[in-house]
Each structure stands twice: as C-alpha cells, then as structure tokens.
Amino acid sequence: MLRTKTCGELRRAHEDETVKLCGWVNSYREQGKELVFVDLRDRYGKTQVVFRTDDSAEIDARARKLRREDVIQVEGVVRYRGDDLVNPKLETGEIEIRVSALTVFSKSKTPPFELEGGELPNEELRLKHRFFDLRRSTLQENIRLRHDLSQAVREYFNTRDFLEIETPILGRSTPEGARDYLVPSRVHHGAFYALPQSPQIYKQLLMVSGFDRYYQIARCFRDEDLRADRQPEFTQIDVEMTFVERDDVLDMIDGLVTSVIKKVKGIELEGSLPRYTYADVMERFGSDKPDMRFGMELIDIGDVGAVSDFGVFKAVVEGGGRVRGINAKGASEKYSRRLLDKDLKDFVGEYGAKGLAYMKVAGGKLESTIAKFFSEDQQAEIIKRMDGEDGDLLLFVADKPAVTSAALAALRNRLGKELELYDPETFCPLWVVDFPLLTWNEDEKRFDAEHHPFCEPNKEDVELLESDPGKVRADSYDLVINGYEAASGSVRIHDSQVQQKIFDLLNINEEEAESRFGFLLEGLRYGAPPHAGVALGLDRWVMLLAGDDNIRDVVAFPKTQRASDLLSGAPARVDDHQLKDLRIEIEGLDEDDE
RNA sequence: GGGGCCGUAGCUCAAUUGGUUAGAGUACCGGACUGUCGAUCCGGGGGUUGAGGGUUCAAGUCCCUUCGGCCUCGCCA
C-alpha cells in the first residue's frame, strides 16, 4: 500500500500512529542545517512533514532537494506539534509527520505558474497547462461540486422510476437549430453523421416505445460562437415523461431543483418555484430570463413622452416605438456625467439603442438637460410612475419596442451588479411559461420555431394557427436562475398530423419533413402517447452553484472562444491517408495556413 | 461577420513626449539560519517586448499586416 492516510485527515487523535502519505510538494522551508519542512498536498488537504538531520542525514539531504510539485511518499510518525506551534490555517495544523522514509516518485519541472497567492495568470497559459491549473483548490472544488450535482440528480430520478438511457452520439443532421458538428462516414462516401445538439428526437421515440420516465446526463454539441456561459460541447440533464401535462413536469423539476440545491449547497428553497408568463416578464424586465434577485422593473412612460415637448420621445412614440425606463434607487450621485453620456450610452448602444436619457430626482423635481421639455405635471407623473424619490437616477430608452427591452434589460443587469442590489450568494429560480410558438423571420419571410419544431401549441390558441400564427402560445417553459436560462422544455406534439401542420408553418414541406424527420413522424403514427420533457444545462447549474460566471471553470477540459483545446491542440490537421479513406479533399488551404 | 480589451523575464506587472545597458515583486539557482508554515536574510542567472514588415538618427512606445486569449452584438430550434 502506497498510502495509509490522506493529507487531509490526520488530527491529534492520531498521535503516535505510523502512517504513509503520498502527495505533491506544495511548499518547502529549510530551517538551518537540522530541519526541513514540507507541506504535502493531495486532493484532501495539506499536511506538514518534517525532516531532521538527527533522524537520518541521508533522508535530510534528499529532502533538501525537494521542490514544488515533486511527487513523494513519506512514512513517519504523527506528532502533536506543541501548543505554540499549531497552525490554525491548516485542518491538519495540530500535527505533523516526523519522517522516517522518503520516496521520490517523480520530479517536477519548474511549474508554469504559482498555484496559490498572487493573481491568476492569463487564461491562455492556464488552458495550455490545464492538468496543472486543475490542481488549484477552486477548480478541484468545482469539479467535486459537479460530481455531487450529477449524483444528486441521478439519485432523485432513480428513486422515482426513471430509467437512464443512452442515445446515439453519431446521429443524423436535422434542419434548423444550431449548426451541426459533422462526422464523415468512411463506409458511406459523401455521407455524414451529426453530433447531437440534444437527444430530442430519440427521447421522444423512447416515449413512443413505452419507457415512460427517462433521463440522461447527455453530452450535446453545437457549432456556434461561444460566450462566457457557452461551450461547443456541454452537458444536459435530459428528461422526458409520458402521460403528463405541463404542470406535472414543472412539479417534478421543482422537486429536483429544491432537493439538489439542498443537497449540494444546504440551501432551502420554497417547494414550488414561482411561475411567470413570457408576456409578463418581457413587459416587466425586458427579458425572457430575468434576474429576480432584485427589482428595478421597466416602466413605460410613452404616453407622457408623447405629450411632452421632448421631440425625441414624441417622435419615437408616434413612430410606433416605446419609451421605457428604470429607476436606479439612490444612484443619482454614483454615475458621473461622463459615465452616463459615454459608457452607459455606448453600453445600451450595443443593443441597438440610439440614446440614453437620464434624469435625477431632486427636491421632488427632475434634474436633467432634458427636464425643461417636461411640464411640472408631466415631471410629477414620471416621478410617481417611476416611484422616484430624491437621489434616484431615472434612465430611459426610447426606441423600437424590442430595442427598449433588450437595452434596458442589459442595463438593469449591469446596474444591479454595480450597485450591489442583491446578495450574490442567493438563488432566485423561476419558471417562464407560455412562450410564443413561432417567431417571424423577416430575412427568410417565414416563421421559425421559438423553442423547437416538436413543441405543442397551447390548446386555447389552436384556432390562431390558421389566422394569426405569430400569436400562438406554446406549451413550453424555461427555468431561469439569476438571469441565466437553466432549463428549457415543452409538451411535445404526439399527433403526426399536428406535427405536419407545424412543419408546414415552418416552411418545411412534406417531402423534406419525411426525409429529415421521417423517423420521428413515423414513430408518432404508431400510437404515440402524450409526453413532455425538459433539459437542464448541467454546466450552467454547476457554474451558478459555484458562484462563478465562467463556464470553463466547471469543465475539466474546456475549449477557448474559438473552440480550440489549447491542451491537446484540437482541432488539428489529419493525415492525408485518413482524408483519402473518407474521400475528403481540402480546398483553399495555404501552406502556412495552420 | 461586427465592436471592445489584452499580449514585456517561468508568472504578475512597470518603463515620462519615440531617447542611457528594458526594471520590480515572485518563481528559479547558490549561500546563511535549530520550529518554520505566504518563512526570513544575502547573492546570482534569466528578455526574439506574441510574430512579420514599415517610418525614424533612434521603436516596448508610432503605422500596416498577422497570430493568440478574454468580453460582447449577431448567432446559439
């Protein structure tokens, strides 16, 4: 046995035991000719080991050659350090190991950066040495948290009659949705598999097969541009249930969310998560994934703007736009004029807003370069509607309705964070329901599925499918936490005729539908039960539970924004004979185009 | 595809208006130290300023091109 204990578990109660420990040299301190201290580290903690010339000059000499990150084994006796020598910063600080034998398993090159203390090096370097970065305690804890979450999820579903079923990774490319990652077939020349964007169709077919409660912790792939919270491959907790309605799924996931948050974070949430309609959150927060840890709702003052003397507001309202604003309570002195006129204006500009109007509330009136365009009554009405008090900063965007939503929602998130309007440790989950089924695609002059093409229309709106498809609500739902989409799902269509009708609206003709989705449509023709499901983004959940805002910190081997793996060098060129097997030729490559 | 920030010693950063031999902390190497624990003290080595080109008497600094990382809009059923 190479070790009898770990570096995190020894206490005074183990005094006088002989133990073997293995680990990495975290730090070393030579103290004169007689003494060497080494802090030995493994996944479980750190333990101080002490070498003395008295005990063995030979071991002491070798100990003096130890350097950071060398991997060693020590054998020795657990000693209480003495009342004045306890180190309260270490869990094992009461004791140390008096070493009687040392084995050096492996020497380390000088580490690429320092694991603790000081600032983190740039992420490029960390990713190149990911195996090393992963030794840092924060990343170790994140990976541990990820494991805990996966296990809690499995336990929850396993005790409720769900079966974990794997679905293919090599599948078929389907139209719409994200860009597929493709895998060429060697056997079928010119044909390609697609990696799954999600196991959607397979899980629906499993419902048709009678596996009425399914889940899977499934890897998914989408070849789209990345963000701080998006990786090209990511993990979904995929769930599907048969003979259920929307609320059955929501209740089941409420239970999952409250139980896993309790289990991995020890936080008690209300048993039933609040449910809002899409129309409601879009109006009040301008976003379908509002951060509900703070208020600052969007308020419409378009009617006041329309009758004021402020030309910008008037013109926007007359042109069918909206004037909406938010109230940054007590922030009138926190943003300089330069910040407001430049930084915040540019910030909302990223979302298409042409300007940002602001007014400060002081002495019951509005203070602003544009205040003169508003009568006393109009000012009073704005203050009242915005719930304004002296010291408040009111910010307005006048633009196309969608632009006011996007710009103010982003501004609200930014101000909420900058003004510290919430406790970053809290979790505020909510369901958003009744999404639109379809959204009009102006470029292609047709409807797109808002969620995906297998989503059941809300029964109350079925008539509208013919008359006004854009108004049809879907029987779909998103779970939102702290401003992130944390899960998404819907009741599925189980009638092949309804499914065909939706394909028609999406401008997918019968022939194309048969060719691309035929295997689903055919399944629906052989006795398909009502079913519904949801998928939770595991990576985002771990990120949120870790209090992080970077998804790479919760993935063991993540990819960069350009989807490369700096550790392995993927993606990379392949040998010509591999391409020849696949009958693939690469066009337009320069010699130096690596 | 668009916008923004960044790249100087192993690492984190500094370097006046374009001007002396590109510095500091830390890491690394050597030495001192009998209870250290972010050890301390003394000494030392270490630079293709991401790469390429240009302007200039002179470029880390200015210009062009390019590579890479991060944030973001579009995109992500």
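Might you work out the accessible area of A:K559 for me, using a 1.4 Å probe with all protein chains in place, and round it to the nearest 10 Å²?
Roughly 40 Å² of A:K559 is accessible to a 1.4 Å probe.
Would you mind telling me the antiparallel percentage of the DSSP bridges in chain A, rounded to 5? Could you put the intermediate results ahead of the total?
Working: 92 of 99 bridges.
Bridges in chain A that DSSP calls antiparallel: roughly 95 percent.
Please give the solvent-accessible surface of A:Y276 in Å², to the nearest 10, using a probe radius of 1.4 Å with every protein chain present.
Roll a 1.4 Å probe over it and A:Y276 shows about 60 Å².
Cα-based Rg (one decimal) and Dmax (whole number) for region A:363-436, in Å?
Taking only Cα atoms of region A:363-436, I get Rg and Dmax of 16.0, 44 Å.
Sum -39500 (n - 2.57) across every DSSP H segment of at least 4 residues in chain A, then divide by the residue count to get the 222 nm mean residue ellipticity, nearest 500.
Theoretical 222 nm ellipticity from helices: -8500 deg cm²/dmol.
Please give, to one decimal in nm, the separation of the simple spin-label points placed at A:D443 and A:R338, each 7 Å out from Cα toward the Cβ.
So the label points at A:D443 and A:R338 sit 3.9 nm apart.
Pairing the Cα long axis of helix A:246-265 with the longest principal axis of chain A, what angle in degrees results, from 0 to 90 and rounded to the nearest 10?
30
If A:H14, A:H451 are ordered by their accessible area, calculated over protein heavy atoms with a 1.4 Å probe, which sequence runs from highest to lowest?
A:H451, A:H14
Rounded to the nearest 0.05, what FRET efficiency do A:E485 and A:F519 give with R0 = 35 Å and r taken as the Cβ-Cβ distance? Could you check? Please report the intermediate quantities before stating the final value.
Working: r = 28 Å, r/R0 = 0.81.
Computed FRET efficiency for A:E485 and A:F519 comes out at 0.80.
For region A:12-106, what is the percent of antiparallel DSSP beta bridges, rounded to the nearest 5?
95
Can you classify region A:12-106 as rounded, prolate or oblate using the Cα gyration tensor, where a ≥ b ≥ c are the square roots of its eigenvalues, rounded means a/c under 1.5, and otherwise it's prolate if a/b beats b/c and oblate if not?
Verdict is rounded for region A:12-106.
At what distance in nm do the modelled label points of A:E585 and A:E318 sit from each other, each positioned 7 Å from its Cα along Cα→Cβ?
Distance between label points: 6.3 nm.
Could you give the length gained on full extension between A:E141 and A:S272, defined as 0.36 nm per residue of separation minus the Cα-Cα distance, in nm?
44.2 nm
When only the heavy atoms of the protein chains count and the probe is 1.4 Å, how do A:I586, A:I95 rank by accessible area, highest first?
These residues rank, largest area first, as A:I586, A:I95.
For A:S375, A:S209, give the ranking by accessible area with the largest first, probe 1.4 Å.
A:S209, A:S375
Measure nothing but the geometry: give the 0 to 90° angle between the long axis through the Cα atoms of A:510-524 and the longest principal axis through the Cα atoms of chain A, rounded to 10°.
Helix A:510-524 sits roughly 60 degrees off the main axis of chain A.
Kindly state, to the nearest 0.05, the FRET efficiency for A:F132 paired with A:D16, given R0 = 45 Å and r defined as their beta-carbon distance.
That pair, A:F132 with A:D16, gives E of 0.80.
Note down the accessible area of A:F243, probe 1.4 Å, to the nearest 10 Å².
150
At R0 = 22 Å, how high is the FRET efficiency between A:R230 and A:A570 if r is their beta carbon distance? Nearest 0.05 is fine.
FRET efficiency, A:R230 to A:A570: 0.75.
How large is the charge dipole for chain A, taken about the Cα centre, if only the Cβ atoms of Lys, Arg (+1) and Asp, Glu (-1) carry charge, to the nearest 20 debye? Walk me through the numbers before you get to the answer.
On the way: 83 positive and 113 negative charges, 428 e Å.
The calculation lands at about 2060 debye.
With a cut-off of 8 Å between alpha carbons and a minimum separation of six or more residues, what is the relative contact order of region A:12-106 in percent?
33
Give me the angle, in degrees from 0 to 90, between the Cα long axis of helix A:200-209 and the longest principal axis of the Cα atoms of chain A, rounded to the nearest 10.
90
Which of rounded, prolate, oblate describes region A:378-492, given a ≥ b ≥ c as roots of the alpha-carbon gyration tensor eigenvalues and a/c under 1.5 marking rounded, otherwise prolate only if a/b is larger than b/c?
Verdict is prolate for region A:378-492.
Just to be sure I understand the model, the point goes 7 Å from the Cα along the line to the Cβ. What's the resulting A:D161 to A:D549 distance in nm?
It is 4.4 nm.
By its C-alpha gyration tensor, with a ≥ b ≥ c as the square roots of the eigenvalues, how is chain A shaped: rounded for a/c under 1.5, else prolate for a/b larger than b/c, else oblate? Write out the running numbers ahead of the final one.
Details: a/c = 2.08, a/b = 1.39, b/c = 1.50.
Judged from the Cα gyration tensor, chain A comes out oblate (a/c at least 1.5, b/c at or above a/b).
The values are calculated or read from the model by the stated rules, or taken from the named source; none is laboratory data. Fair warning: this is a prediction, and the values are worked out from it, not measured in the lab. FYI the Cβ positions are ideal-geometry reconstructions off the backbone, even for glycines, and counts take in every protein chain you see. Just so you know, the surface numbers come from the protein's heavy atoms only, side chains and all, with ligands and any DNA or RNA stripped out. Shrake-Rupley method; radii C 1.70, N 1.55, O 1.52, S 1.80 Å.
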